[in-house]
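Here the structure is laid out as C-alpha cells; the discussion comes afterwards.
The values are calculated or read from the model by the stated rules, or taken from the named source; none is laboratory data. These figures come from a predicted structure and were not determined experimentally. Cβ sites come from the backbone with ideal geometry, for glycine too, and all protein chains shown count toward neighbours. Side chains included, ligands, DNA and RNA excluded: accessible areas come from the protein's heavy atoms. Shrake-Rupley method; radii C 1.70, N 1.55, O 1.52, S 1.80 Å.
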Amino acid sequence: MNILILNGPNLNRLGRREPGIYGHQTMDECMEALRARYAGHTLQYFQSNSEGALIDRLYQADDEGTDGIVFNAGAYTHTSVSLHDAIRAIGVPVIEVHISNVHTREPFRHHSFISPACRGVICGFGMDSYRLAVEALIEAERA
Ligand code: DQA
C-alpha cells in the first residue's frame with residue numbers, strides 16, 4: 001500500500017515540544033521505525049504548519065491514487081471546516097490520529113471537526129497512535 005502520514009501545525013517540534021504530553025521521540029525516528037516495520041509498503045510523510053498546504057496535500061494524495069492517509073491535524077482538528085470538507089471531497093480513507101488523549105485534556109480539544117469525515121479515530125497511545133492507524137489501514141485493505 002501507498003500510505004501518507006500527514007502532520008499539521010506544531011508537530012514539526014515533536015521530541016522537543018511539551019515532552020510530558022507528546023514524549024521524546026522525533027517524527028524522523030517514528031517514520032524510520034514505521035518504514036522498517038512496514039517495509040513492504042510505501043510510507044510517505046508530509047508536515048505543514050499551514051492549513052492550505054495540508055488541504056493541497058490531501059488533494060495531491062487523491063490525485064496520486066494514495067491508498068490511505070494517517071492524519072494528525074494538530075490544533076486544526078478543533079477549528080477547521082475546510083479540512084473536514086477536503087477529507088470529504090477525496091476518495092482516500094483518512095484515519096484521524098492524536099498522540100495524546102484529547103478527551104482528558106482541555107474542553108476545547110474535545111471537539112473534532114474532522115472526525116465525521118474520517119474512516120476512524122485513534123488517540124491517546126503516544127507515538128504508537130501512528131502505527132495503530134497504519135495497521136488499521138492495512139487490515140482494512142486485507143478484509
Ligand atoms: C494533538 C492534539 C491537539 O489538540 C493538539 O493541538 C496537537 C497535537 C495530538 O497529537 O495529541 O497539536 O493532535
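Some observations on this one:
- Of the residues making up segment 119-143, those that are open to solvent by less than 60 Å² (accessible area, probe 1.4 Å) and either near the ligand (Cβ under 9 Å from one of its atoms) or under 15 Å from residue 74 (Cα atoms) (or both) are 122, 123, 124, 126, 127, 129, 130.
- Wholly enclosed helices (runs of 4 or more DSSP H) of segment 41-143 bearing at least 2 residues touching a residue at least 40 places away in the same chain (Cβ under 8 Å), farther than 21 Å from residue 29 by Cβ and more than 11 Å from the chain's Cα centre (by Cα): 51-63, 128-142
- Cβ-Cβ under 9 Å pairs, at least 6 apart or on other chains, segment 17-30 side touching a residue at least 24 places away in the same chain (Cβ under 8 Å), far side open to solvent by 90 Å² or more (accessible area, probe 1.4 Å) and near the ligand (Cβ under 10 Å from one of its atoms): 22/13
- Some residue of segment 89-102 being within 11 Å of the ligand (Cβ to nearest atom), out of contact with any helix residue (DSSP H, G or I) (no Cβ under 6 Å at 6 or more places or on another chain) and under 20 Å from residue 20 (Cβ atoms): yes
- Scope segment 12-31; condition more than 19 Å from residue 137 (Cβ to Cβ) and surrounded by 13 or more Cβ atoms within 10 Å (Cβ to Cβ); matching residues: 12, 13, 14, 15, 22, 23, 25, 26, 29
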